[in-house]
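First up is the structure itself, then whatever we jot down about it.
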Amino acid sequence: MNPTLRKGKVPPNNNNQAVYPDRESFYWSKITLVMGLRGSLMGKLNNIDNPNNITKEETLKLEFISENALSIPVFKMMDADGELYDGACHSSLDKDTAIKIYETMRFIRILDERMLAAQRQGRISFYMQCLGEEAAVTASAAALESQDMIFAQYREQAALAYRGFELEQFMHQNFSNSKDLGKGRQMPIHYGSNALNYMTISSPLGTQIPQAAGYAYGQKLDGNGGCTICYFGEGAASEGDFHAGLNMAAVHKAPVIFFARNNGYAISTPASEQFKGDGIACRGVGYGMKSIRVDGVDTLAVYEAVKLAREYAVKNNEPILIESIAYRLAAHSSSDDPTGYRSKDEEENFRLNCPVNRFRNYLIKQNWLDEQEDESSKETIRKEVLAALKKAEVVEKPSLEDLITDVYEEVPQHLRKQMDELKAHIAKYPEHYPASSGAKGENH
Amino acid sequence: MAKMNMLQAINSALMIALEEHPKACVFGEDVGYFGGVFRATSGLQETFGKSRVFNTPLVEQGILGFANGLAAQGVKAIAEIQFADYIFPAFDQIVNETAKFRYRSGNEFNVGNLVIRTPYGGGIAGGLYHSQSPEAYFAHTPGLKLVFPRNAYQAKGLLASSIEANDPVIFFEPKRLYRASVGEVPEEKYLIPLDKAEIIKGGNDVTLLAWGAQVEIIEKAAEMAEKQGISCEVIDLRTVLPWDVETVANSVIKTGRLIISQEAPLTGGFASEISATIQSECFLHLESPIDRVCGLDTPYPLAQEKEYMADHLKVYEAILRSVQY
Ligand SMILES: Cc1ncc(C[n+]2csc(CCOP(=O)(O)OP(=O)(O)O)c2C)c(N)n1
Ligand SMILES: [Mg+2]
């Protein structure tokens, strides 16, 4: 092999006719050559004396940096009575937005209550509530522009409601009927809407995090000033995809807001068995991005933090990490019973710290909300929700054909054949497949 | 003997393993204090303590990477992946590490102490991500053993053998049957061999083959066929990798017909592998083409789950086609 090439330098007479005795050394010298060229190019782009890309401070003291070196405070603005703390930040939340946020939280409370009951009655198969985290999800969505993309985990129905997803659409999805935008393919609460810039939920945890980085990078290329918000739980933040996603976003400067919902639990696993560092916020610093921790029960604080984060992310094309602190008041899902892993006392204690009540108190103090009107609205909404439920429940199931569409853009030949065989089979045993044959079901 | 459902049988096998092996560890998401989302590890932490039965952070690649290291160190590492649908973040650790540990080191190191338990399969209104049967991805990976119990009794004996085995095992638990499968199960330890399929019903006209929850389906189809005077031999493959070619081939030489049923999609499924092998082993004995009754080649659906599934009626139809060929 040519020794000059080995050192990674471009040889003076580098023409393609160079003599390489055998294939292998030809191959390797090409590689070295490419690396050599790259090296000299990089030298021009990067700080030539900092190849390790680190802060160049030095010390003669032998000491470890403490694992608690970063002790990140919780940003807050108002107390449980809806009163701004002395010295709190100025609130930029206008009346209309405030009311819309409140109405969204109020709606989600009622929807969640009703749908969990529907699950208990066996009308839907599964449900997940947002209970305790309504402020974090709603206020963060409210601080965005409608062009901004939302990548959610599954407990963020309030963000979708804020965007204008209709009550009927929530119902169609939960009942997996033919009007569900997702064609009845996913379990309840796996919403998605292209029109509302809300990416369809995927159950595998953490997968949306690097995707959000990529999506935001595309928005940066568009140059329209849009960004992406990405929600995930403190449990999902343990997944490899979290680390991959933050690093990709930081290195490639994607305008994405990572919104970690630290609600204390991942199913039964308490945060104390999930991680040892100072929450999730400290990790943003590790990946080289601005980070903040915010009181997720405090609507005003969440709104201001996300608004500022958005401004910064879009202006500088940089990711930001926000960790919101709240408590998952409900069971993990309708399949879960928290009495198996936490005490009623603990739950009752946190129930007092209600994000909806706190914001309601604030609105009343501002004279932006009439208590009596609020109560009667709740009644009306309850009725609307129940009526929508009853309607969606009897909408027909998706057509059998929907079983094979969207696997690919066009239905391929082998799937067409499988569908034809399935139809012939169903025609033979209609009573066994009542949903698709229209026949009455079997007794057994 | 005691009446146990499959969860209790699995729990009993784990209990015994933790007693027998003072360093054995059981771990995964929510398996600690709570005892797992299906309660398979219920009471284990209470009995054996937090250092041997514990919750892990929510990271499957971490669980399996940790398990590989732990097993290499000499600990019976019994890891749980909460749903087989969520095993994929650990795919690299399993396929490139677990399966190749022994081979790549010339047997200097191995992870034969590792068992991965994971609930799999459909029929529970779980949609795309709580229903999959991903065995074919792993069956393409030499070095792994893939084990599927069909009922409570099998679950305890096969799990005990998987823990004893000095090769890494993925133990696929049919979650649809966790509570539904109830039977007499010995309270003490017993082993069921990992390399033997089981003929659970003898017959002469056609061989029906399945594994895991699907065995129940072919048994039901066999009952229907018997009423029509068709004699079915029903085989539970039990171990999908490496699989018991001999038992299946001998049966097909006798019956001349084979129907394989799996929950997973048709294309590239393990049924295809079996068809190819049996076709070459038994070519001159075959009376009809080997048939596969499988899921459709789509992601696992929700609203049309019933239509999608390889149910007993589809297997029954395949039996009729086969004998009338
Ligand atoms: C890859 C993957 N592993 C496991 C699961 C099962 N699972 C669903 S939700 C959940 C807990 C998530 O907790 P967290 O991220 O804190 O969100 P929270 O439910 O608290 O909102 C688990 C383990 C999953 N969906 N995906
Ligand atoms: Mg959580």
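The values are calculated or read from the model by the stated rules, or taken from the named source; none is laboratory data. Remember, it's a predicted structure, so these values are computed and weren't measured experimentally. Every residue, glycine as well, gets a Cβ built from its backbone with ideal geometry; the counts of neighbours run over all protein chains shown.
Observations
- Of the candidates A:Y231, A:Y154, A:Y162, A:Y217, the single residue that is of a type in the set (F, W, Y) and without any contact (Cβ under 8 Å) to a residue 40 or more places away in the chain is A:Y217.
- Filter result for B:G65 (within 14 Å of chain A (Cβ to nearest Cβ), assigned to a helix (DSSP H, G or I) and surrounded by fewer than 22 Cβ atoms within 10 Å (Cβ to Cβ)): yes
- Any hit, segment A:343-358, residues being away from ligand 1 (no atom under 13 Å from the Cβ), outside any helix (DSSP H, G or I) and within 12 Å of chain B (Cβ to nearest Cβ): no
- Within segment A:102-150, if we keep just the residues that are away from chain B (no Cβ under 14 Å) and β-branched (V, I, T), the residue that is farthest from ligand 2 (Cβ to nearest atom) turns out to be A:I110.
- Test: A:E393 is among the charged types (D, E, K, R), away from ligand 1 (no atom under 16 Å from the Cβ) and either crowded, with 21+ Cβ neighbours inside 10 Å or within 14 Å of another protein chain (Cβ to nearest Cβ) (or both): yes
- Restricting attention to segment A:207-222 and to residues that are more than 16 Å from ligand 1 (Cβ to nearest atom) and buried (at least 24 other Cβ atoms within 10 Å of the Cβ), the residue that is farthest from the other protein chains (Cβ to nearest Cβ) turns out to be A:A216.
- Among (1) touching a Leu at 6+ places or on another chain (Cβ under 7 Å); (2) farther than 23 Å from B:V185 by Cα; (3) among the aromatic types (F, W, Y), the one test that B:F88 misses: (1)
- Residue check for B:Q82: within 14 Å of another protein chain (Cβ to nearest Cβ), within 16 Å of ligand 2 (Cβ to nearest atom), assigned to a loop (DSSP other than H, G, I, E, B) and closer than 28 Å to B:Q214 by Cβ: yes
- Qualifying helices (runs of 4 or more DSSP H) (wholly inside segment A:127-230; at least 2 residues being over 26 Å from A:L308 (Cβ atoms) and among the polar types (S, T, N, Q)): A:167-174
- In this entry, B:Q82 passes the filter for residues that are in contact with an Asp or Glu (Cβ under 6 Å, 6 or more places away or on another chain) and either under 20 Å from B:L144 (Cβ atoms) or surrounded by fewer than 23 Cβ atoms within 10 Å (Cβ to Cβ) (or both).
- Counted residues, segment B:78-104 - those being in contact with a Phe, Trp or Tyr (Cβ under 8 Å, 6 or more places away or on another chain) and hydrophobic (A, V, I, L, M, F, W, C): 8
- Segment A:311-363, residues that are among the β-branched types (V, I, T) and closer than 29 Å to A:I209 by Cα: A:V314, A:I320, A:I322, A:I325, A:V356
- A:R261 fulfils the conditions (1) at negative phi; (2) more than 11 Å from ligand 1 (Cβ to nearest atom) except for a single criterion, (2).
- Scanning segment A:223-282 for residues that are away from every other protein chain (no Cβ under 14 Å), more than 16 Å from ligand 2 (Cβ to nearest atom) and not hydrophobic (A, V, I, L, M, F, W, C) yields A:G223, A:N224, A:G225, A:G226, A:T228, A:N247, A:H252, A:K253, A:P255, A:D278.
- One residue alone among B:L209, B:L158, B:L146 is part of a helix (DSSP H, G or I) and either of a type in the set (A, V, I, L, M, F, W, C) or in contact with a helix residue (DSSP H, G or I) (Cβ under 7 Å, 6 or more places away or on another chain) (or both), and that residue is B:L158.
- Matching residues, segment B:283-309, being in contact (Cβ under 8 Å) with a residue 60 or more places away in the chain, facing another protein chain (nearest Cβ under 10 Å) and assigned to a loop (DSSP other than H, G, I, E, B): B:P299, B:Y300, B:P301, B:L302
- Checking B:R117, B:R104 one by one, the residue that is outside the structural domain of B:P299 (by TED's automatic domain parsing) and without any contact (Cβ under 8 Å) to a residue 24 or more places away in the chain is B:R104 and no other.
- The one condition in (1) touching a residue at least 60 places away in the same chain (Cβ under 8 Å); (2) surrounded by fewer than 18 Cβ atoms within 10 Å (Cβ to Cβ) that A:V385 fails to fulfil: (2)
- Count of residues meeting criterion [surrounded by 19 or more Cβ atoms within 10 Å (Cβ to Cβ) and assigned to a helix (DSSP H, G or I)] in segment A:89-105: 5
Results for (1) touching a Phe, Trp or Tyr at 6+ places or on another chain (Cβ under 7 Å); (2) more than 13 Å from ligand 1 (Cβ to nearest atom); (3) away from every other protein chain (no Cβ under 14 Å); (4) at pLDDT below 95, shown as yes or no for each residue.
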position	(1), (2), (3), (4)
A:A152	yes, no, yes, no
A:R155	no, no, yes, no
A:L160	yes, yes, yes, no
A:K179	no, yes, no, no
A:Q186	no, no, no, no
A:I201	yes, no, no, no
A:L205	no, no, no, no
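- Complete set of residues in segment B:285-316 that are more than 24 Å from the chain's Cα centre (by Cα) and surrounded by fewer than 20 Cβ atoms within 10 Å (Cβ to Cβ): B:H285, B:L286, B:E287, B:S288, B:P289
- Filter pass, A:G288 being surrounded by fewer than 22 Cβ atoms within 10 Å (Cβ to Cβ), at pLDDT 95 or above, within 16 Å of ligand 1 (Cβ to nearest atom) and not charged (D, E, K, R): no
- B:E188 vs. criteria at pLDDT 95 or above, part of a strand (DSSP E or B) and surrounded by fewer than 15 Cβ atoms within 10 Å (Cβ to Cβ): no
- Picking from residues in segment B:91-129 that are within 16 Å of ligand 1 (Cβ to nearest atom) and in a helix (DSSP H, G or I), the one that is farthest from the other protein chains (Cβ to nearest Cβ) is B:I94.
- Residue match in segment A:44-55 (condition: surrounded by 11 or more Cβ atoms within 10 Å (Cβ to Cβ) and either modelled with pLDDT of 95 or more or not β-branched (V, I, T) (or both)): yes
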